[in-house]
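Report on the structure given below.
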Amino acid sequence: ALVYRGQDVYLKMLLRDRLMHADLHPGNIVIDVDEPDSSWFLRLVDLGMVARLSDEEQINFVGLIRALGYGDGSSAAGHLLHFCKPGTQTCVGSCREEFRVDMVNLFKDVCRGFGTGTNFGEVLRGVLVLVRKHRVTISANYATLVANALCLDGLAAELAPEYNLLDGCESLLRLSALGQTQLGVRVMRALYSWVAVLKTASDRSFEHRQQLRGSTS
């Protein structure tokens with residue numbers, strides 16, 4: 001349940017709030033338990049560093065994650081090449097095409113999209129290898145988003161390795177496709193809470209199935 005809730009918090013910051021905790025390691029995630037009924041709350045602490053996302057930053061980063069869900073390496077490369085201020089990208093000319101080709105090949109090997117058992121962390125780490133190889137410029141806010149995503153992946157691998165992070169956020173990632181225009185952003189924010197409820201129901205169903213599986217093994 002902690003992993004699901006952590007993913008919910010990350011997606012809410014990314015898709016609705018556009019305000020990200022900039023140092024989201026496990027030491028800054030606190031579980032607060034209410035003793036009378038044993039209910040618990042996930043709280044983020046040490047908010048001295050935050051990243052406020054512009055429209056463009058949100059569109060590009062969410063576009064990258066959504067491209068993972070669609071298994072689209074070419075689209076992912078396109079979004080990554082915009083992970084910096086206009087005119088500051090060092091991977092230009094033939095470098096851009098070489099990077100795109102390497103991304104397409106990476107996705108063919110390890111990222112087939114939703115419902116295929118794609119390992120989110122493995123893909124993201126592979127992407128970073130190619131970013132370093134081709135010296136793709138990434139600005140500070142984007143680096144924060146990537147680091148937070150890897151922290152979430154590490155948390156999931158430790159606490160719920162059977163849970164697929166990419167499949168878990170499919171409904172909200174598909175909703176995020178609306179957020180590429182001003183009108184779409186308003187619609188996405190209006191619908192966000194409803195789609196989040198569906199995600200929560202899906203997560204609880206998954207957890208119940210895992211419990212049943214454990215009790216019969």
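Listing for the model above:
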| quantity | calculated |
| --- | --- |
| Karplus 3J(HN,Hα) series, Hz, for region 45-50 with 6.51 cos²θ - 1.76 cosθ + 1.60 (x for Gly, Pro) | 10, 6, 8, x, 10, 9 |
| Where trypsin sites (Lys or Arg not before Pro) fall in DSSP loop in region 105-189, at most 11 other Cβ within 10 Å | ARG135 |
| Magnitude of the charge dipole, region 1-158, Cβ model with Lys/Arg +1 and Asp/Glu -1, debye to 20 | 700 |
| Contour minus Cα-Cα distance for ASP34 and CYS95 (0.36 nm per residue) | 16.5 nm |
| Folded to 0 to 90 degrees: helix 94-110 orientation relative to the chain principal axis, Cα | 30 |
| Local electrostatic count at LEU15 - Lys and Arg +1, Asp and Glu -1, tallied over other residues with Cβ under 14 Å | +3 |
| Shape category assigned to region 121-217 from the gyration tensor of Cα positions, a/c cut at 1.5 | oblate |
| The chain, relative contact order [Cα under 8 Å, separation at least 6], % | 22 |
| Solvent-accessible surface (1.4 angstrom probe) belonging to GLU98, in square angstrom, nearest 10 | 100 |
| Solvent-accessible area, 1.4 Å probe, carbon plus sulfur percent, for region 1-79 | 53 |
| Dipole axis of the chain (+1 Lys, Arg; -1 Asp, Glu on Cβ), positive-most option in TYR10, ASN28, THR181 | THR181 |
| Region 41-147: C-alpha gyration tensor shape, a/c 1.5 cut-off, then a/b vs b/c | oblate |
| Around LEU155: net Lys/Arg minus Asp/Glu count, Cβ-Cβ under 13 Å | -2 |
| Cysteines having no other Cys beta carbon under 4.7 Å from their own, within the chain | CYS84, CYS111, CYS151, CYS169 |
| Tensor-based shape of region 73-113 (alpha-carbon gyration tensor, a/c under 1.5 rounded, otherwise prolate or oblate) | oblate |
| Simple label model, 7 Å out from Cα along Cβ direction - SER171 to VAL110, nm | 2.9 |
| Dipole magnitude (debye, nearest 20) for region 162-216, charges at Cβ of Lys, Arg, Asp, Glu | 200 |
| ALA160 long-range amide H proximity, modeled H, under 5 Å | none |
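The values are calculated or read from the model by the stated rules, or taken from the named source; none is laboratory data. Remember, it's a predicted structure, so these values are computed and weren't measured experimentally. Methodologically, a virtual Cβ is constructed for each residue, glycine included, from the backbone with ideal geometry; neighbour enumeration extends over all protein chains shown. For accessibility, only protein heavy atoms count, side chains too; no ligands or nucleic acids. Shrake-Rupley method; radii C 1.70, N 1.55, O 1.52, S 1.80 Å.
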